[in-house]
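These notes are about the structure you will find just below.
The values are calculated or read from the model by the stated rules, or taken from the named source; none is laboratory data. The structure displayed is predicted, hence computed values, not measured ones. Cβ: placed from backbone, ideal geometry, glycine included. Neighbour counts: every protein chain shown. Please note that ligands, DNA and RNA were not included when accessible areas were found on the heavy atoms of the full protein model with its side chains. Shrake-Rupley method; radii C 1.70, N 1.55, O 1.52, S 1.80 Å.
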Amino acid sequence: GLRQVGVAVDRDARAAGEPKYTFKRLLKLAFDGLLGFSLKPLRGVALLGMVVLGTSVLALGGMLLMWLFRGDAPAGAWGWLALLVLGQSGLQLLALGVVGEYVGRIYRAIKNRPVFLVDRLVGVHQPQPWPQHLAFPPTELRQAA
């Protein structure tokens, strides 16, 4: 999440021949990279749940209107059942997305990354020392190193 700079490097050809990673291992690595650094898949599940639930509510409303004005069930019993199952699936996906959002926020919090890093101080002539109880790492550990 911080500013990054790329460095171009010329490297020699691989000394050990061909890589030993199979397609399956490369696919697992790709999924780890996608899922390990982003909350977007979790948010995608919640969005999919909202879309499925919204679709089922709209279709159910349309079927109810047709039933009220025409007097017959346009899709029969199986249609009603299919819409109820679709609605329940949407609710489950939405709930899973909400729980996933909580888990993602907890994961982000326990990574313990700083909110910001100070690059330089502007307009401060004499920086004040940190209070001892807020110093990190503690003074004892700094002196031991």
What nm value, rounded to one decimal, do you get for the distance between PHE23 and VAL118 when each label is placed 7 Å out toward the C-beta?
-> 5.4 nm
Once the piece of chain linking SER89 and ALA30 is laid out straight, how much longer is it, given 0.36 nm per residue of separation minus the C-alpha distance between them?
-> 18.4 nm
Would you check the accessible area of THR22, probe 1.4 Å, heavy atoms only, in square angstrom rounded to 10?
-> 70 Å²
Between the modelled labels at LEU64 and ILE110 (7 Å from Cα along Cα→Cβ) the distance in nm is 4.2 nm
Anchor LYS111: lysines whose Cα lies under 20 Å away (excluding residues fewer than 8 positions away in-chain) | LYS40
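Can you give the charge dipole size of the stretch 1-125 about its Cα centre, rounded to the nearest 20 debye, using +1 on the beta carbon of Lys and Arg and -1 on the beta carbon of Asp and Glu? Write out the running numbers ahead of the final one.
On the way: 15 positive and 7 negative charges, 96 e Å.
It works out to roughly 460 debye.
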Nearest-0.05 FRET efficiency for ASP12 and GLU101, computed from C-beta distance (R0 41 Å) = 0.35
Straight-line reach check, LYS20, cutoff 24 Å on alpha carbons, 8 or more apart in-chain or any other chain, hits among lysines -> LYS28
Which ³J(HN,Hα) values, rounded to whole Hz and listed in residue order, are derived for the stretch 9-24 from phi using the Karplus coefficients 6.51, -1.76 and 1.60 in 6.51 cos²θ - 1.76 cosθ + 1.60 with θ = phi - 60°, glycine and proline given as x?
-> 9, 8, 10, 6, 5, 4, 7, 8, x, 7, x, 9, 6, 7, 4, 5
Note down the net charge around PRO114, summing +1 for each Lys or Arg and -1 for each Asp or Glu among other residues with Cβ under 14 Å from its Cβ.
-> +3
